[in-house]
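Notes follow the structure.
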Amino acid sequence: GTTLHSPEDLSSPLVKDVYLAWAREVLETERAGLVRLEELLDGRFVQAVEVLARCTGRVILTGVGKSGIVAKKIAATLTSTGTPAFFLHPTESLHGDLGIVHPDDVVIAISKSGQSDEFQLLIPLLKRFGLPVIAITANPESDLARNADVVLLIPGDQEAMLGNLVPTVSTTVTMALGDALAYVLMRLKGFTVEDFAALHPGGAIGKRIWLRVRDLMLTGEEHVPVVPRHAPMRDVILEMTSKRGITSVVDASGRLVGVFTDGDLRRLLERTPEIFAFRAEDVMNPNPKTARPDELAAQAAQRMAQHGINALIVVDEDHRPIGILHLHDLMRARVI
């Protein structure tokens, strides 16, 4: 009931408290809707899962207005978790888009009232195709509910804005119900993290799951810094500074025995100005963090962050340097 009259009102502590109170009202109303949704879950949800699990085609999501927007989101969630789905606009379906429908498909129709005019023609047509229809509605007595094979009820008695006029709680609970269906189907199908990554190869999530160190590491003499353990400091510094601030140190058989970084050089200079009196083995870190080519790039990135380092020497099974992995290459690949 608070009314704002001037710009000064917007910055007062009292008004800021009002903002928070209003926001909490909405969240509390939506939270209560989710609780009611959980109470409405029963054997009909199990029936819907069984219908969807038997589907050998695709799941068709349809709805009008805000319900249509939610339907698109549910279709996207289903598709990305192993259940192919798409959104069919109720109006466009009556003007040619029904051609995409296949007899092996299943329909999920969303309407809070269950009385959407667009469904009056669409649902009977889909039933004529022999498609099972799962209705998500708040009205068990609606035309949609009567024409559906399975009815999933959502709470529809209280929205969060303008005296129950603005779809808020109903859209929230519908989206949550769609997530629940997708999750159960995912578990039934044994859909794994690797499967998810395979469907998202270009996204940051997928890259964190499938991208390996070998995919990002630099190889070859021009990129991989190496000096022998007896190398003089001049050679160590030249190798390190010419190859991004790090060099590996190897023994006579080519196995890694340490690393030397620009940070090590700074610390050495703080101790003594006579740095050229040393050799690589005198100043190297004998216990360096390394990476293996077959490990996940995300795991290597986590290790780099944990220890505050910018590069890892990549070693083979004999502990010989074969590559180098740099932090900014991980960032460019959006692994981190």
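The values are calculated or read from the model by the stated rules, or taken from the named source; none is laboratory data. It should be emphasised that the depicted structure is a prediction, and the values quoted were computed from it without experimental measurement. Using ideal geometry, Cβ is built from the backbone for each residue, glycine included, and neighbour counts are taken over all protein chains shown. Areas reflect the complete protein model, heavy atoms only, side chains present, ligands, DNA and RNA absent. Shrake-Rupley method; radii C 1.70, N 1.55, O 1.52, S 1.80 Å.
Between the helical axis of 262-271 and the longest alpha-carbon principal axis of the chain there is an angle of about 50 degrees.
Summarising the label geometry, the points placed 7 Å from Cα in the beta-carbon direction at Lys127 and Met161 lie 3.5 nm from one another. Between region 11-37 and region 143-160, what's the alpha-carbon centroid distance in Å? One Cα centre to the other: 26 Å.
On the chain, 55 percent of the accessible area sits on carbon and sulfur atoms, based on a 1.4 Å probe.
With distances taken between every two different alpha-carbon atoms, region 1-148 has a Kirkwood hydrodynamic radius of 17.6 Å.
Shape call for region 55-131 from the C-alpha gyration tensor, a ≥ b ≥ c root eigenvalues: rounded (a/c under 1.5), prolate (a/b greater than b/c) or oblate? Verdict is oblate for region 55-131.
Computed from Cα positions, the angle between helix 43-54 and the longest principal axis of the chain comes to roughly 60 degrees. Ignoring lysines fewer than eight residues from Lys66 along the same chain, the ones with Cα atoms less than 26 angstrom from its Cα are Lys112, Lys127.
In the chain, Cα pairs under 8 Å separated by at least six residues give a relative contact order of 13 percent. Within the shell of other residues whose beta carbon sits under 10 angstrom from the beta carbon of Gly57, the net charge comes to -1, with Lys and Arg scored +1 and Asp and Glu -1. Multiplying the residue separation of His307 and Asp251 by 0.36 nm and removing their Cα-Cα distance gives an extension gain of 17.7 nm.
Quick check: the angle from helix 297-307's long axis to the longest principal axis of the chain, C-alpha only, nearest 10 degrees? On a 0 to 90 degree scale, this one is about 60. For region 246-326, the relative contact order is 29 percent, taking Cα pairs closer than 8 Å that sit 6 or more residues apart in sequence and dividing their mean separation by the residue count.
So what's the convex hull volume per residue for the Cα atoms of region 200-318, in Å³?
It is 108 Å³ per residue.
With q set to 0.15, 0.16 Å⁻¹, the log10 of I(q)/I(0) for region 132-183, from the Debye formula over equal scatterers at the Cα positions, is -0.44, -0.50.
Built from the Cα atoms of region 104-164, the convex hull projects on average onto 4.4 nm², one quarter of its surface area.
From largest to smallest, the equivalent ellipsoid semi-axes obtained for the chain from the alpha-carbon gyration tensor read 60, 29, 15 Å.
Of all DSSP beta bridges confined to region 205-336, the antiparallel ones make up roughly 75%. Under 25 Å Cα-Cα from Lys189, which lysines qualify once same-chain neighbours fewer than 8 residues away are excluded? Reachable lysines: Lys72, Lys73, Lys207. Rg/Rh for region 64-188 (Cα atoms only, Rh after Kirkwood) is 0.95. In a simple Cβ point-charge model (Lys, Arg +1; Asp, Glu -1; nothing else charged), the chain has a dipole of about 580 debye relative to its Cα centre.
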